[in-house]
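The values are calculated or read from the model by the stated rules, or taken from the named source; none is laboratory data. As the structure is a computational prediction, the values presented were derived from the model and not from experiment. Cβ atoms come from the backbone with ideal geometry, glycine included; neighbour counts cover every protein chain shown. Just the protein is used for accessible areas: all its heavy atoms, side chains included, with ligands, DNA and RNA removed. Shrake-Rupley method; radii C 1.70, N 1.55, O 1.52, S 1.80 Å.
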Amino acid sequence: MISRIFSASLYGINAIPVIVEVDSVSGYLTFNVVGLPDNAVRESRDRIKSAIRNSNYELPERSLTINLAPAGLKKEGAAFDLAIAIGILCTTSAISEGSTAGFVIMGELSLSGNIRSVRGVLSIALMAKERGFKGLILPVENVKEAAVIKGISVFGVSNIVDLVDFFNGDRKIIPTSIDFSRFQNDADNYSEDFSEVKGQFLAKRALEISAAGGHNILMVGPPGSGKTMLAKRVSSILPSLTVEEAIQTTQIHSILGLLKSSSGLMNIRPFRSPHHSISDVGLIGGGSNPRPGEVSLAHNGVLFLDEIPEFKRNVLEVLRQPLEDGVITIARAVGAFTYPARFMLVAAMNPCPCGFLNDPLHECICTVQQIVRYKGKISGPLLDRIDIQIEVKALKYADIENNIKQELSIDIRKRVNIARLFCLKRLRGTGVFSNSAMSKKLINKFCVLNSESKLILKNAMENLGLSVRAIDKILKVSRTIADLNQSDKIKSEYVSEAIQYRILDKEGY
């Protein structure tokens, strides 16, 4: 007798259906799994045997062959345990014939028959809806995550007995539903706020412009000046996640098993801060079994690279594609995997190896060669993709002790939202959604300068030796400053402000 159960396997960030076929023939009890299983799937044999016996069901004294189709796709992990167990029980007639049709079943089994959570269920729910399945059966811990996808019924089960009773009609399980109004109410609940940052008004202003225009930013300053503290609060001033963005972000974190069991959708923008010892695979993804890296985990959020010159040169260079295209493509023998990676890059560095170049209170002990070598670790092509470069100076005691009320992140975010809407109205129909992504053609169309602004830009180019790319960056930033002021025209003061955000082009830096 052959039973067929539907399950699923992850392929990149997507899921594909897997048919679990169980064939039972006369002979001694043997248990063979075929269909390109990995070690975790092969080891499921002993887990499944114990789970069935400890759930008070009889294992058939017959030879069992389990095929996971399509056979050419490698199957990984323990998520097929439950589907295989149900397939075996179908061959013993413990489950009514035909009752499992139309369901996708996922779950890892414990030896007692309880069902443990699995990763990637949001991708599986999307696949189940697209393929027209009538229901998705998952561990209880995963149901909130999958239930955000409308149009597919999601049933949560905690053990084999409950699921068998459900299929036999002896137990009723109510599909899980999600209240999206609660998602909106709980959004933007960030633990850090800009009101906690004393002083640093120039840096806050630059970060507001970065958030409004989607500009990448580099902060240069001595140790302890607050660069990391500022960076950690950037997510709190970015526009709120839309439901579509939340689904994309949650999907990536789900396939890596990084979601809490009580989570449905992620309602705040991610903030990722990898250590400088990270490998290129860890940063962009990959490996023998390709998985997303930090750039994808930062999708729709912030990627913070602290002490960026300390990162390996080859690691930094792989950032070019995601910064340019918003995706990362990894090619392997088994196929090409594309992961989303549209993020805002926030980087920080000291002005020199010791950190005290141009500091009036500390003497710099670095040689000219050491400083040049230190800054040379960031290549020109990568630096060209960073629109804003600012100096973050060390705070004085008076800045720390003053009682000036600092602005809340929510107030800054309101201005950012207004600027983004102003920008989107102008860019409607272009396929571009932020000033930082404007092409040369769009710059020429939307960044028209008056004669006074042109003169300021000309003087800056001649005195600072700015490249054509640097000029384009200044124009984009000027356009964002105009958006924050809800101005259709780029005024001369906007251009002057944008020029001051090119600190590395100045002599002495």
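For the reader, a short list of remarks on this structure follows.
- The set of residues in segment 13-24 being surrounded by 20 or more Cβ atoms within 10 Å (Cβ to Cβ) and at pLDDT 90 or above consists of 15, 18, 20, 22.
- Any hit, segment 154-164, residues being open to solvent by less than 20 Å² (accessible area, probe 1.4 Å), at pLDDT below 95 and part of a helix (DSSP H, G or I): no
- Inter-residue pairs, beta-carbon under 7 Å, first farther than 10 Å from residue 195 by Cα and in segment 396-411, second of a type outside the set (Lys, Arg), 6+ apart: 399/199
- Filtered by the rule that a residue be assigned to a helix (DSSP H, G or I) and out of contact with any strand residue (DSSP E or B) (no Cβ under 8 Å at 6 or more places or on another chain), segment 281-296 gives 281, 282, 283.
- Counting only helices (runs of 4 or more DSSP H) that sit wholly inside segment 424-509, not one has at least 2 residues that are aromatic (Phe, Trp, Tyr).
- Pairs linking a residue in segment 13-31 that is among the aromatic types (Phe, Trp, Tyr) to a residue that is part of a strand (DSSP E or B), with Cβ atoms under 7 Å and 6 or more positions apart or on different chains, are 28/63; 31/64.
- Scanning segment 132-149 for residues that are touching a Phe, Trp or Tyr at 6+ places or on another chain (Cβ under 9 Å) and open to solvent by 20 Å² or more (accessible area, probe 1.4 Å) returns 133, 134.
- Hits in segment 250-278 (condition: polar (S, T, N, Q), under 19 Å from residue 319 (Cβ atoms) and surrounded by 15 or more Cβ atoms within 10 Å (Cβ to Cβ)): 273
- Applying the criterion of being touching a residue at least 40 places away in the same chain (Cβ under 8 Å) and of a type in the set (Ser, Thr, Tyr) to the residues of segment 234-249, the residue that is most open to solvent (accessible area, probe 1.4 Å) is 240.
- Selection within segment 25-74 - within 21 Å of residue 9 (Cβ to Cβ), modelled with pLDDT of 90 or more and of a type in the set (D, E, K, R): 47
- Per the listing 123, 117, the residue uniquely in contact (Cβ under 8 Å) with a residue 12 or more places away in the chain and open to solvent by 40 Å² or more (accessible area, probe 1.4 Å) is 117.
- Residue match in segment 414-430 (condition: on the phi > 0 side of the Ramachandran plot and modelled with pLDDT under 95): yes
- Meets criteria (surrounded by 13 or more Cβ atoms within 10 Å (Cβ to Cβ), under 23 Å from residue 232 (Cα atoms) and touching an Asp or Glu at 6+ places or on another chain (Cβ under 9 Å)) for residue 474: no
- Output for segment 297-344, where each listed residue is touching a residue at least 60 places away in the same chain (Cβ under 8 Å), within 30 Å of residue 72 (Cβ to Cβ) and either touching a strand residue (DSSP E or B) at 6+ places or on another chain (Cβ under 7 Å) or acidic (Asp, Glu) (or both): 337, 338, 339, 340
- Scanning segment 361-395 for residues that are part of a loop (DSSP other than H, G, I, E, B), under 22 Å from residue 501 (Cβ atoms) and open to solvent by 30 Å² or more (accessible area, probe 1.4 Å) turns up 376, 377, 384, 385, 393, 394, 395.
- Residue 91, sole failed condition from (1) more than 24 Å from residue 35 (Cβ to Cβ); (2) touching a strand residue (DSSP E or B) at 6+ places or on another chain (Cβ under 8 Å); (3) not small (Gly, Ala, Ser): (1)
- Selection count where residues are under 20 Å from the mean Cα position of the chain (by Cα) and either open to solvent by less than 10 Å² (accessible area, probe 1.4 Å) or farther than 17 Å from residue 347 by Cα (or both), scope segment 309-320: 3
- Residue check, residue 148 in a helix (DSSP H, G or I), within 25 Å of the chain's Cα centre (by Cα) and closer than 15 Å to residue 259 by Cβ: no
- Flag for residue 299 being part of a loop (DSSP other than H, G, I, E, B) and open to solvent by 20 Å² or more (accessible area, probe 1.4 Å): no
- For segment 333-349, the count of residues that are open to solvent by 40 Å² or more (accessible area, probe 1.4 Å), under 30 Å from residue 123 (Cα atoms) and not in a loop (DSSP other than H, G, I, E, B) is at least one.
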